[in-house]
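Shown below is the structure under consideration.
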Amino acid sequence: MIPSRRDFLALSAAGAVCALLPSRIGAASQTGCIRLPDGRRIAFTEHGNPTGSDVAIYHHGLPSARREAEVLAQALCTFPNLRLIAFDRPGIGDSDPVARPSFCSWAKDLERCADALKLDRFALTGTSGGTPFALAAALAMPQRVTRAVMASPVAEHLRGRDNGDSAWFTRLAGSCPRSAKAFMATGRAIVKRSPEAAKKLIPLSPIEKTMLEDPAKLALVAGIMLDATKGGPAGPVAEAALLPGPWGLPLCRIQVPVIFFHGTEDRLAPQWMSPQLAKQIPGATYRIYAGEGHLSLPQNHAAEILATVVGQ
């Protein structure tokens, strides 16, 4: 049953939840926003069962936005009790910016959002650059987070290692944000003119080149890139500058189960990053998939990821 407009106008201690409206992918998905105490808005989309007792919060990658959760939403029919909620982080998509974004500031924002939506217990999932944000939330809310399941995760960059084909951009974002913003703005303009350009802007593995021959999948990837920068490039660039590290997160203190999914052909977050993260987190595990790339892994293993999210 889809909640009514009235259901989502109630106030909570964390802020006001604006009315949910149908999203682009049908009646099973709805969009809304949460007004935080400082006045900022955090936009979100819900997929799946709006009253489901299994709740997961999706953390998008970079440059990306909450629409990325549609990759996992395709498999929700197998999980009728799952409520999947994806947020645009501050300064991305339809969410207002924050003066100094950080992993820990996001964890605080997410806690307020969870309060506003009256979420007691929930899992964390997502991909890529969303990883440190999700891990910060796991650290901040050990009594509320049930587990964290991340696909194609990034780790702090290590000297002497292959840090991925996007490492140059994250370094640029930290050293010369003006140039990084100009590059991202130019990329947005190119993709807006022709979604086909997304294939040239993203380092693709062979399986991903084949995947993006599908017009629907290409449209989704291009749409996500455009959504990420719809409020300008400042938000994504500020996040990109954080990714190389140091993150300043005591990963050894994470108390919840953590599982990583990684492809051997990942050109953006090389395969070594999952084992590197796992050895820092007590009890963390990882699964390696031969032939999968950064984008193809969550696309091709959505049902398995969601099964892990709900603890199956």
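For the stretch 94-133, what are the residues that are part of a loop (DSSP other than H, G, I, E, B) and in contact with a strand residue (DSSP E or B) (Cβ under 6 Å, 6 or more places away or on another chain)?
Of everything in the stretch 94-133, those that are part of a loop (DSSP other than H, G, I, E, B) and in contact with a strand residue (DSSP E or B) (Cβ under 6 Å, 6 or more places away or on another chain) turn out to be Asp94, Ser95, Asp96, Leu119, Arg121.
Continuing with this model, one more query. Report every pair of residues separated by at least 6 positions or lying on different chains whose Cβ atoms are under 8 Å apart, first residue within the stretch 52-76 and in a strand (DSSP E or B), second open to solvent by 20 Å² or more (accessible area, probe 1.4 Å) and polar (S, T, N, Q).
Every condition considered, the pairs that remain are Asp54/Asn81.
Is it true that Ala198 is at pLDDT below 95, surrounded by 13 or more Cβ atoms within 10 Å (Cβ to Cβ) and not polar (S, T, N, Q)?
Yes; evaluated as a whole, the condition is true for this residue.
Quick check on my filter: what residues within the stretch 206-233 are in contact (Cβ under 8 Å) with a residue 12 or more places away in the chain, hydrophobic (A, V, I, L, M, F, W, C) and assigned to a helix (DSSP H, G or I)?
Ile207, Met211, Leu218, Ala219, Leu220, Val221, Ala222, Ile224, Met225, Leu226, Ala228
Still on this model: Modelled with pLDDT under 95, in a loop (DSSP other than H, G, I, E, B), under 18 Å from Gly61 (Cα atoms) and open to solvent by less than 40 Å² (accessible area, probe 1.4 Å): does that describe Pro203?
So Pro203 passes the test.
For every residue, the table says whether it meets (1) assigned to a helix (DSSP H, G or I); (2) not hydroxyl-bearing (Ser, Thr, Tyr).
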{"site": "Val154", "(1), (2)": "no, yes"}
{"site": "Gly160", "(1), (2)": "no, yes"}
{"site": "Asn163", "(1), (2)": "no, yes"}
{"site": "Arg171", "(1), (2)": "yes, yes"}
{"site": "Arg178", "(1), (2)": "yes, yes"}
{"site": "Lys181", "(1), (2)": "yes, yes"}
{"site": "Thr186", "(1), (2)": "yes, no"}
{"site": "Val191", "(1), (2)": "yes, yes"}
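Another question, then. Condition first: touching a residue at least 60 places away in the same chain (Cβ under 8 Å), open to solvent by 30 Å² or more (accessible area, probe 1.4 Å) and touching a Lys or Arg at 6+ places or on another chain (Cβ under 8 Å). Now tell me which residues in the stretch 139-183 satisfy that.
Matches in the stretch 139-183: Leu139, Thr146, Asp165.
The values are calculated or read from the model by the stated rules, or taken from the named source; none is laboratory data. In this text, all values refer to a predicted model and were calculated from it rather than measured experimentally. Heads up, the Cβs are rebuilt from the backbone with ideal geometry, glycines too, and the neighbour counts pull from every protein chain shown. Surface areas here come from the heavy atoms of the whole protein model, side chains and all, with no ligands, DNA or RNA. Shrake-Rupley method; radii C 1.70, N 1.55, O 1.52, S 1.80 Å.
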